[in-house]
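I have placed the structure first, in the form of structure tokens, so that the comments after it can refer back to it.
The values are calculated or read from the model by the stated rules, or taken from the named source; none is laboratory data. A quick note: this is a predicted structure, and the numbers were derived from the prediction, not measured. Positions of Cβ are backbone-derived with ideal geometry, glycine not excepted, and every protein chain shown enters the neighbour counts. What goes into the accessible areas is simple: the full protein's heavy atoms, side chains included, and nothing from ligands, DNA or RNA. Shrake-Rupley method; radii C 1.70, N 1.55, O 1.52, S 1.80 Å.
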Amino acid sequence: MASRAILWIAIAVVVIAIIGGLAWYLSRETAQETAQTPQALQPTGEKEGCVIKIGFTTSLTGKLQKESAEQLNGIKLWADEVNSKGGIKLPDGRKCTVKLVYYDDESKSARVQELYQKLITDDKVDYLISPYSSGLTAAAAAVTDGYHKVMIATGAASDSIFTKGYQYVYQLYTPASRYMTSAVDLLLELDQSNKKVALLFENSKFAKSVASATKAYLEEKGFQIVYEDYYPPGTTDFATYIAKISASGATALLGGGHFQDGFNLVKQLYSANIKSIKYVAILVAPPEPAFAELGDAAVGVIGPSQWEPGVKYSPEAAKKLGIEWYGPTVDEFVKAYKSKYGKTPGYHAAGGYAAGLVLQYVIEKAGLDTEKAKEILDNLDIMTFWGRIKFYKEADKHGLQIGHSMVLVQWQKTDGKLTKVIVYPEAAAEAKAVYPIPWSK
Amino acid sequence: MSVVLRVENVYKSFGGVKALEGVSMTVNEGMILGLIGPNGAGKTTLFNVITGYYKPDKGRVELFGRDVTGWPTHKIAQLGVARTFQIPKPFPDLTVFENVLVSIKFSSRKLSEQEAAEEAKRILEFLGLDSHAHMLASQLNVALEKRLELARALARQPRLLLLDEVLAGLNPSEVAYMLEKIKRAKQEFGLTIVMIEHVMHAVMNIADRIVVLHLGKKLAEGTPEEIARDPRVIEAYLGDPKLALAFVERLSSKKR
Amino acid sequence: MVVSPELIMGGLVSGIIIGSLYGLAALGLSIIWGVLKVVNLSHGALIALSMYLVYTLSVMYGVPLPVALLASILTGFLLGIAAYYLFVHRVLGGPELASLLSTFGFGLIILGILELAFGGIARTIPVSQHVIEVGHAPIMLVQIIGAIIAVAVAVGAYLLLYRTWFGRAVRAVVMNAEASALMGVNVVRVLALSFTLGVLFAVTAGSLLSLAYSFTPETGTKYELYSFTIVVLGGLGNPLGSLVGGIILGIAEQLTSVIVSGSWGPLVAFLILLVMLIVRPTGLFAKL
Amino acid sequence: MEAKNILRELARGRMITNITVAAIILALLTIGIGSLYSETLSYYRETLSTFMMLFSVVLGLNIILGYTGYVSFGHAVFFGIGGYTAMVLMYYYGVNVYLAMIIAALAAMAAAQAIGFIVLRLRGAYFAIATIAVLEAFRVIVSNVEYLGGSEGLQLEASYYTGYSIAGYRGQMSVHYIAYFLLLGTVTLGLLLNLYVSRSQFGAGLRAIREDEDAAEAIGINTWKFKTLAYVLSSITPALAGAIIAWKRNIVLPEEFFSLTLSIESIISVMLGGAGTVLGTVTGTAIYHTVKTIFLTSFPSLHLIIFGITIAFIAEVLPMGIIGWLRLMSTRLRFLLE
């Protein structure tokens, strides 16, 4: 038996050695040649009928299905609008229509990599948009950046994607590190004496990265963190967490992760009726219309949002800042979206549209020349319905969004009706924030 | 004549149930020992202790002069002990041929692939299974299954063979066939055999000595004649018509 | 942060309450495993299904809640019978893998339907949010009512299995199906009814849980994984064992959450399972 | 029936399997090399990479599930251990992927030894449940340990890849090509391991354990040693694949590396083809992967339901898989379809 085993192992080693050797030989033979890198496979779209191909994947199935579907709606609306006007005008004077090439990634990073490869090499798309979510975008970037393809990342708030040294990925969302900081700023404005903070975030990639940045910011601003914990994804029962928060004597709570857990947390927090807590800011859940199902429990809860239909970005505001305004106004966008899909757009949809809009801007200036597009994006500083867009251009955090900022929404009760209003920053605010949260009275 | 198996004062209980209480016995080389007793007497438990499936609570088991108490089953098997199971345990999704071949491969003999195949064929022929060689073991009827059990045990070329009710559920002609094969196997392979059996006339016919277990204890030991006349044995079996019949048969055949 | 005795107290009480619900959820798995020797991998999906049944009836069609609960449980009963003949009967007595795959397939079908019909968004059934506070821990009235029902159901199941003709038939089949058949027990019917009973318990648990928490199609997975532990803790098919196993798990989870951190809670469940499997795979309590 | 005939048939069967396996490896190698020079092949290269990732887990699983009969329901745990071990080495110590793979495989083997010590005393459904518990426990632990990146995972920087190049492709561009060849090597190793197991005395012992563990002991097989060794062998290719994928994807995340879905997909692949046959693993994985891709693109919202029906169908109607069914149809084919 033993000698047989050795024979087999020997055969295995030989075969692997042959394959390995072949691979090594191939790599050695051509390594000295200057990288005939991927520029070679530049687009062909220019001549035949002039179609610009925009490629991306979307999660038609899997856990990201809902958010991804909205993002897709936004992108589609943009493409339809562009094409109905006859396309985008290139610097050389030609007008080209836009064609969206996209596939279902099942919310899985393995599929994402497979499909972005296909988009670049098989479909030969000209520009890319990211999939929805930080995890999938990180996976996509690992493929696309090697091919020097410009990818606009929307729906991806993680900072870490942009510290990996990628040079062709640009972020539209306010990064996770600044997700909750405005909620801290608002608290400082409202009440200088409220310093005891409890942190209760989901133990997931996105929430964890928001939490660590928030924690650092709180410490910097002189807050006292009296409680900190992370609950596993899918948690439905928060009784013991709430007990500990209550026992910790916290006066403010920052936390959340996904919709479901944030929803349950607020629901149970309200029932628990902890009078000491005066300020509650929750990730992700509050901007969703479904949050209203909580009824009275929702009143006073604050949540950061990338974008809201009520934001006040306008050409005038752009002028004040001395930067260029581009694209439709907020109202125009909301109206167009409503007439196409029959509902008010949320920030996922707005993010999708904005990604298209940025590409449109770039294509008008740079055509299909990737390096020129990169240069334009690096120096971009414009305002759109989405807000200000400006990217960090040094290599260490290249592509990170530094222009855009979050707005804070709060659920308020006016005339017995529950409404979601923007309360921060002041420039965008529709109403003043209610403080302290009603239940603590 | 050397001692092949010696069991000394073995105790085994499961929870509160005492399955074996101080059983001792000795099996000499070349002997066929019959192990009888009513249901629940502890016969199969004793087999399981000998073959290492159970560790005895107390007492020792000696095989070929070595103390093997507490040894794992496979090591005991490698000493040259083969067994059959009361409820046959063939390898159902292997063919009859493969069943025997596996057994040969794990016997102590070093055979080439070719030799092993020849040997398997020989054993299948010996037990009249050669025409079923390509059937899956799961497709066999009870009689053939029992033969396969025996074939797989013999394939190991054991020195000690433990048979657990190989005759149960067979019709008289099949019983006769198996008895014939067991006898022949004993001669050809120079086996020592311990057999648990309920088919009394068969045991009385084939065994050199008989041990009677009753409620976990050894009730009697002796030649078939001695056992048949032992009043304690008769008492223990009272009311078992099959046994009574066997005794009568045995005694009357002796008289003739 | 200092863990006060008060917090421990709160953890214990909420552990018992939540644990009873875990126990009820596990009961369904336990009966099926104990009687049919089938690990029902559609268990979690069935729990989720019942949640959506209650949701559909009470929220979407405005049926009064008690009626919706009963209707959901009744549907579970019918589904159980159908599922037995479609997915279980053929693989009984075969290799474990066949029944594992078959029931898993059934679970996927349910999940697929739920995903198709409702998508991944969390749903909630609006009920009274009244809470009672124990050691800072807010415990919902619905949870307490659920726990009481869970105990009642477990005791009922115990009586059913140990005091009725049906129970005797079930236990006879568990001990020796062949002999029971010879003695005139309709084995197939007993098996089908036992499976249905198991589904019924899963559905009851799901219906009750739907009142306390919001849910998605994937919610059932957690209860399924916990149920494995509870069944192994409590002994296959033992209703009271399931209840006690559930409570042990609930307390362990909640105390871990109080003393260490909630994110380690699930680990406790898996460690208990592994330790039990090795040390005492027959469970702390007698099998059925 | 002649013993010589059997041997001749056996030899013919082995030859056919050898040729099939060699043809598959050669075809994959050709596509890989082709993709270095032809861009149109690169999508196929990526699809095949995903296929080979699954196939590596399947080849490992087949040893413990197919030959030994132990239903490992959480076999992706070795994929995860491999991926995380490799990532830790690459992320913290800058180890190159080749060395990281080897260490990952060794780590997984050690883990298999330890996990096996616990779970292999269980049989049947208990074993299946225990392996699920092990997988989930690993996932929870990994998502809570900061050193392993917790729930955020660990992500390599683009600069890590600068040293790699193949056929003119450099850095991250080269990764997908190199990963393809590494996966091919892993699959080759897995196929050879499976061939070894199917033909050796060791494999005969495993089959005996699968059929009846008590009877296997009775014919002198050290079942504990055999099944532990089988479990350890079954961890190698999943771990190698995990390491390569971690490197290729540049990120490890708890839920993607300790994934129950991957475990179940590999079980389905093994069962579809026929557990305990080499050709079955190839057939099963190829069909599963293809069908899945088609379903996902054609009926995205129905794919769970279609899968559920397929799985239940396999379990109820074709429990021995396609190759297993053919083997059962004619025992002659047993030799031809290893």
Name the helices (runs of 4 or more DSSP H) wholly within the range D:236-281 that hold at least 3 residues that are farther than 27 Å from D:F313 by Cα?
-> D:236-249, D:254-257
Count of the range A:84-107 residues which are touching a residue at least 40 places away in the same chain (Cβ under 8 Å), among the charged types (D, E, K, R) and not in a strand (DSSP E or B) | 4
Under the condition of being polar (S, T, N, Q) and facing chain A (nearest Cβ under 9 Å), which residue from the range D:36-50 is nearest to A:A110 (Cα to Cα)?
-> D:T50
Find all pairs meeting these conditions: Cβ atoms under 6 angstrom apart; at least six residues apart or on different chains; first residue within the range A:219-242 and in contact (Cβ under 8 Å) with a residue 60 or more places away in the chain and open to solvent by 20 Å² or more (accessible area, probe 1.4 Å); second residue assigned to a strand (DSSP E or B) and of a type in the set (S, T, N, Q).
-> none
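Identify, from the list C:L111, C:L100, the residue that is in a helix (DSSP H, G or I), touching a Gly at 6+ places or on another chain (Cβ under 8 Å), under 30 Å from D:L61 (Cβ atoms) and in contact (Cβ under 8 Å) with a residue 24 or more places away in the chain.
Result of the check over C:L111, C:L100: C:L111.
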If you check C:G15, C:G11, C:G28, which single one turns out to be crowded, with 23+ Cβ neighbours inside 10 Å and farther than 15 Å from C:I251 by Cβ?
-> C:G28
Subset of the range A:259-270 (residues that are modelled with pLDDT of 85 or more and of a type outside the set (A, V, I, L, M, F, W, C)) = A:D261, A:G262, A:N264, A:K267, A:Q268, A:Y270
Residue match in the range A:165-176 (condition: in a loop (DSSP other than H, G, I, E, B), surrounded by fewer than 23 Cβ atoms within 10 Å (Cβ to Cβ) and modelled with pLDDT under 90) | yes
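Quick one: is B:E225 open to solvent by 10 Å² or more (accessible area, probe 1.4 Å), modelled with pLDDT of 80 or more, not hydrophobic (A, V, I, L, M, F, W, C) and not in a strand (DSSP E or B)?
Spelling it out, B:E225 is indeed open to solvent by 10 Å² or more (accessible area, probe 1.4 Å), modelled with pLDDT of 80 or more, not hydrophobic (A, V, I, L, M, F, W, C) and not in a strand (DSSP E or B).
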From the set of residues in the range B:108-139 that are out of contact with any Pro (no Cβ under 7 Å at 6 or more places or on another chain) and among the hydroxyl-bearing types (S, T, Y), which is nearest to B:F97 (Cα to Cα)?
-> B:S131
Can you tell me which of C:V232, C:V244 is at pLDDT 85 or above, open to solvent by 10 Å² or more (accessible area, probe 1.4 Å) and hydrophobic (A, V, I, L, M, F, W, C)?
-> C:V244
Among the residues of the range B:72-81, is any more than 8 Å from chain D (Cβ to nearest Cβ) and free of Cβ contacts under 8 Å to residues at least 12 places away in the same chain?
-> no
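Take the residues in the range C:31-50 that are over 18 Å from C:L161 (Cβ atoms) and assigned to a helix (DSSP H, G or I); name whichever of them is most open to solvent (accessible area, probe 1.4 Å). Show your work before the answer.
Narrowing the range C:31-50 to residues over 18 Å from C:L161 (Cβ atoms): C:39, C:41-50.
Within this subset, residues satisfying the condition of being assigned to a helix (DSSP H, G or I) are C:43-50.
On the way: C:H43: 1, C:G44: 3, C:A45: 9, C:L46: 1, C:I47: 0, C:A48: 0, C:L49: 39, C:S50: 1 Å².
Here the residue is C:L49.
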Look at the range C:72-88 and say how many of its residues are more than 9 Å from chain D (Cβ to nearest Cβ) and either open to solvent by 50 Å² or more (accessible area, probe 1.4 Å) or of a type in the set (A, V, I, L, M) (or both).
-> 11
Scope the range A:116-138; condition open to solvent by less than 10 Å² (accessible area, probe 1.4 Å) and over 14 Å from the mean Cα position of the chain (by Cα); matching residues = A:Y116, A:Q117, A:L119, A:I120, A:T121, A:V125, A:D126, A:Y127, A:L128
Could you list all residues from the range B:56-114 that are β-branched (V, I, T), surrounded by fewer than 23 Cβ atoms within 10 Å (Cβ to Cβ) and assigned to a loop (DSSP other than H, G, I, E, B)?
-> B:V68, B:T69, B:I87
Of all residues in the range A:232-289 being within 11 Å of chain C (Cβ to nearest Cβ) and among the aromatic types (F, W, Y), the one that is farthest from A:L187 (Cα to Cα) | A:F238
Scanning the range D:177-209 for residues that are over 22 Å from D:F51 (Cβ atoms) and at the interface with chain A (Cβ under 7 Å from one of its Cβ atoms), which turns out farthest from the chain's Cα centre (by Cα)?
-> D:Q201
For D:S266, all conditions in the list (1) facing another protein chain (nearest Cβ under 9 Å); (2) polar (S, T, N, Q); (3) crowded, with 24+ Cβ neighbours inside 10 Å hold save one; what is the number of the exception?
-> (1)
Applying the selection to the range D:148-176, what residues are β-branched (V, I, T), facing chain A (nearest Cβ under 7 Å) and surrounded by fewer than 20 Cβ atoms within 10 Å (Cβ to Cβ)?
-> none
Residue count for the range A:132-146, restricted to those that are out of contact with any Leu (no Cβ under 8 Å at 6 or more places or on another chain) and either aliphatic (A, V, I, L, M) or farther than 19 Å from D:Q155 by Cα (or both) | 5
For the range B:115-138, how many residues meet the condition of being part of a helix (DSSP H, G or I) and more than 10 Å from chain D (Cβ to nearest Cβ)?
-> 2
For the range D:62-79, does any single residue satisfy the condition of being among the hydroxyl-bearing types (S, T, Y), over 19 Å from D:K248 (Cβ atoms), within 12 Å of chain A (Cβ to nearest Cβ) and not in a helix (DSSP H, G or I)?
-> no
When the range B:13-42 is examined, which residues are found to be free of Cβ contacts under 8 Å to residues at least 60 places away in the same chain and either in contact with a helix residue (DSSP H, G or I) (Cβ under 7 Å, 6 or more places away or on another chain) or in a loop (DSSP other than H, G, I, E, B) (or both)?
-> B:G15, B:G16, B:N39
